[in-house]
1. At a probe size of 1.4 Å, how large is the accessible area of A:THR405, to the nearest 10 Å²?
2. For chain B, what does the accessible surface come to per residue with a 1.4 Å probe? Please give it in Å².
3. Can you tell me the order of A:331-339, A:384-392 when each peptide is scored by its average per-residue count of other Cβ atoms within 10 angstrom, highest first?
4. What is the local net charge at A:ASP242, summed over the other residues whose Cβ is closer than 14 Å to its Cβ (Lys, Arg +1; Asp, Glu -1)?
5. Near the amide H of B:ILE269, under 5 Å away, which other amide H atoms are found, from residues 5 or more places off or on another chain, if H is placed in the peptide plane?
6. Compute the relative contact order of the range B:233-379 as a whole-number percentage, counting only Cα pairs closer than 8 Å that sit 6 or more residues apart in sequence.
7. Amide H to amide H under 5 Å from A:ILE386: which residues, 5+ apart in sequence or cross-chain, H placed 1.01 Å off N in plane?
8. So in chain A, what percent of DSSP beta bridges are antiparallel if you round to the nearest 5?
There are 2 protein chains.
Amino acid sequence: MLDEDSDALIRTMAQEARAAATVIARAPSAVKAAALVAAAEAIRADADGILATNAEDMARGRANGLTAALLDRLLLDRERIAAMADGVESVAALRDSVGRIIEETVRPNGLILQRVRVPLGVIAIVYESRPNVTADAGALCFKSGNAAILRGGSEAQASNRAIHAAMARGLVSQGLPAATIQLVPTTDRAAVGALLRAEGLIDMIVPRGGKSLVARVQAEARVPVLAHLDGINHIYVDAAADPAKAMEIVVNAKMRRTGVCGAMETLLIDRAYPDAAALLGALIKSGCEVRGDAAVQALDLRIEPATAADWDTEYLDAIASVAMVDGVEEAIAHIAAHGSHHTDAVLTEDRAVAERFLGEVDSAIVMHNASTQFADGGEFGLGAEIGISTGRLHARGPVALEGLTTYKWLVRGTGQVRP
Amino acid sequence: MLDEDSDALIRTMAQEARAAATVIARAPSAVKAAALVAAAEAIRADADGILATNAEDMARGRANGLTAALLDRLLLDRERIAAMADGVESVAALRDSVGRIIEETVRPNGLILQRVRVPLGVIAIVYESRPNVTADAGALCFKSGNAAILRGGSEAQASNRAIHAAMARGLVSQGLPAATIQLVPTTDRAAVGALLRAEGLIDMIVPRGGKSLVARVQAEARVPVLAHLDGINHIYVDAAADPAKAMEIVVNAKMRRTGVCGAMETLLIDRAYPDAAALLGALIKSGCEVRGDAAVQALDLRIEPATAADWDTEYLDAIASVAMVDGVEEAIAHIAAHGSHHTDAVLTEDRAVAERFLGEVDSAIVMHNASTQFADGGEFGLGAEIGISTGRLHARGPVALEGLTTYKWLVRGTGQVRP
């Protein structure tokens with residue numbers, strides 16, 4: 001596809017999205033909720049059709065030699081379709097941020113100022129493989145009063161189309177414009193470039209996918225990006241950590257699911273912690289490969305040496321790098337040097353150490369005595385998430401409905417002029 | 001200056017800023033306030049020195065043929081220096097956002113979640129001519145716990161250096177690192193490019209200056225930008241507007257100061273408004289050139305025709321474009337087509353019309369029965385402003401201390417692991 005053709009396609013879609021956005025921005029919360037419930041019903045009603053198209057994607061994926069992991073991400077079954085529809089309904093039930101008054105002040109001259117939440121406008125989501133993102137991301141944008149332009153991966157194109165078509169039927173049945181959620185009709189890479197260049201047409205772009213996708217988006221985007229970079233997450237086990245809690249939390253943080261962005265990648269152990277060998281023994285026993293610095297190797301657990309690159313690596317696998325540190329200060333310095341500002345945790349029964357770590361570690365999420373795998377919008381009570389932001393502006397950590405809004409200032413006067 | 005040299009310079013400055021940022025981020029509010037009071041004192045104490053360096057800038061400016069308006073912006077006198085020092089003191093007294101808990105929740109599993117305001121980190125300000133920005137912007141970044149890298153215009157370089165040196169003396173006298181506020185030691189344009197490319201080193205860049213500066217920053221920046229674009233601001237005078245209020249507000253909004261971003265540029269008058277001729281007569285009498293559409297010209301006030309370009313022009317001068325519209329709906333449509341999402345106002349005694357305008361106009365600031373010239377952080381009670389954002393992400397409208405912060409999530413557990 002030529003760049004000009006892609007630009008023209010995205011411009012047309014963005015204009016339709018903008019028109020739809022002005023409608024959805026003003027739709028009452030109950031109307032948006034009813035439309036999403038109808039969309040969920042439409043997904044359930046078309047389960048057979050969605051399964052059939054997913055079978056096409058799966059057959060093509062197998063023919064194209066997709067890995068077992070990718071095929072599993074692509075696969076839909078009745079249970080996953082039901083979960084997807086339930087997810088849309090749970091977004092429907094979320095408390096809507098739109099219209100919420102953030103603050104209200106009355107100035108000495110009588111002007112009444114309100115800062116009120118409003119939708120961002122038009123949001124583009126670029127994602128890979130998992131077809132459920134079509135439903136999740138579309139529902140979150142919709143409930144927060146935004147128009148969405150979805151661009152899924154080529155491997156899930158048929159499934160995405162079927163899910164999108166079902167949702168659109170649901171929305172239209174409630175009198176809302178189909179263009180509130182659009183799916184880019186081509187998986188040509190040029191269309192992604194056109195989205196990234198669509199400054200002024202698209203208000204925010206959310207990449208959901210692997211490193212190469214996120215890197216491309218960050219390098220090329222002229223549109224603001226809500227980006228999720230690596231989760232090189234640390235747990236620091238302090239001298240005053242409870243050994244039983246430490247063992248349970250470290251194994252959970254690393255091994256519960258190794259492929260999620262909240263998984264622990266590096267373990268820092270205070271030299272004064274008395275149970276390092278038992279802790280690492282448990283981690284190894286759980287099936288984790290441990291790569292250690294010299295002090296960790298000296299524990300004689302047949303641990304491989306960590307190279308310099310290990311401290312900066314997001315494994316997303318059953319591997320952990322482990323270093324011994326001299327107390328919380330060195331742990332904080334290690335995290336500042338090697339972390340990715342995603343999620344880091346301290347395990348200790350010493351309140352002062354915990355508060356120092358919470359205060360000084362500069363990450364989106366900083367935890368005390370809890371597993372880093374809790375880094376998730378659902379676990380945070382946000383109901384869902386469009387992603388976890390490792391950027392500093394606009395929204396940080398799990399982003400749900402509020403992160404998809406902005407605000408405007410309303411000023412009510414009685415004829416005031418400025419002296 | 002070679003790009004590589006600029007990059008090296010900015011990298012070194014940004015690293016020093018980052019180190020200073022970790023100190024200032026944790027400084028108690030009272031310590032930051034005391035340091036700013038000391039900085040204000042140092043400015044007052046060095047008034048003679050600052051005046052002498054300003055005289056050098058003024059002489060060079062005259063020799064270089066700067067316009068009278070630019071020379072006035074460049075000029076410092078005892079009164080302006082006193083106002084600058086007072087401004088720094090008033091920022092010192094502002095309520096600090098850092099550490100404020102935005103929300104706190106307890107999850108069913110016992111995890112305690114807090115969302116807490118923290119500084120953004122390292123902020124670069126690129127500005128032109130007015131030397132007082134050195135003090136204002138430096139103080140705002142400092143009070144919000146950020147390290148600032150200031151890059152002023154070449155025409156004010158000597159004044160900026162003197163003001164910066166005085167402030168740095170004040171900060172250092174209170175035991176805070178000089179690198180919390182740095183001034184780029186060169187006015188080479190390449191240094192701006194290096195700031196714009198300093199992704200990962202600088203957390204936000206704020207351009208304060210004319211259109212060409214802002215356009216360059218928006219086109220080149222890889223660092224997030226808090227940008228202020230045009231203020232093509234509208235006032236819509238509804239059929240139900242109070243004629244006396246309308247006359248006073250329209251003249252104030254256009255003519256109080258024509259060069260500020262909150263000035264009205266386009267006036268939209270409801271065809272059903274009975275006093276259009278008197279309103280425009282007052283505007284013309286105040287010294288404003290009026291350019292009208294056919295209906296406005298028909299009022300026979302010897303009004304020049306507005307061209308298509310007029311509706312999209314920010315004059316920043318004693319000129320207004322005026323159109324007749326059919327009620328609030330057409331006014332809203334005109335603003336959607338031609339506005340810049342800065343500040344727009346409706347004048348009416350009809351509450352329903354006012355609420356519709358406030359709800360549907362998609363601008364950072366939407367006003368009812370008040371002058372658009374109130375679009376200002378000081379007037380909004382924010383104490384000061386780093387700029388007025390016309391972007392949608394992060395901060396919108398006047399940006400002061402809160403807009404210079406982000407947040408992080410603190411999670412306190414007692415050993416929880418994720419099932």
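1. 0
2. Numbers: 15370 Å² over 419 residues.
About 37 Å² of surface per residue is accessible.
3. A:384-392, A:331-339
4. Details: positive: A:LYS245, A:ARG351; negative: A:ASP238, A:GLU248, A:ASP270, A:ASP275, A:GLU349, A:ASP350.
Net local charge, A:ASP242 excluded: -4.
5. B:VAL237, B:ALA323, B:MET324, B:VAL325
6. Details: 284 pairs, mean separation 48.5, N = 147.
Computed value for the range B:233-379: 33 percent relative contact order.
7. So A:ILE386 has HN proximity to A:VAL399, A:ALA400.
8. On the way: 16 of 55 bridges.
Bridges in chain A are about 30 percent antiparallel.
The values are calculated or read from the model by the stated rules, or taken from the named source; none is laboratory data. It should be emphasised that the depicted structure is a prediction, and the values quoted were computed from it without experimental measurement. Neighbour counts are summed over all protein chains in view; Cβ atoms, including those assigned to glycine, are modelled from backbone coordinates with ideal geometry. To get the accessible areas, we keep the full protein, side chains included, count just its heavy atoms, and leave off ligands, DNA and RNA. Shrake-Rupley method; radii C 1.70, N 1.55, O 1.52, S 1.80 Å.
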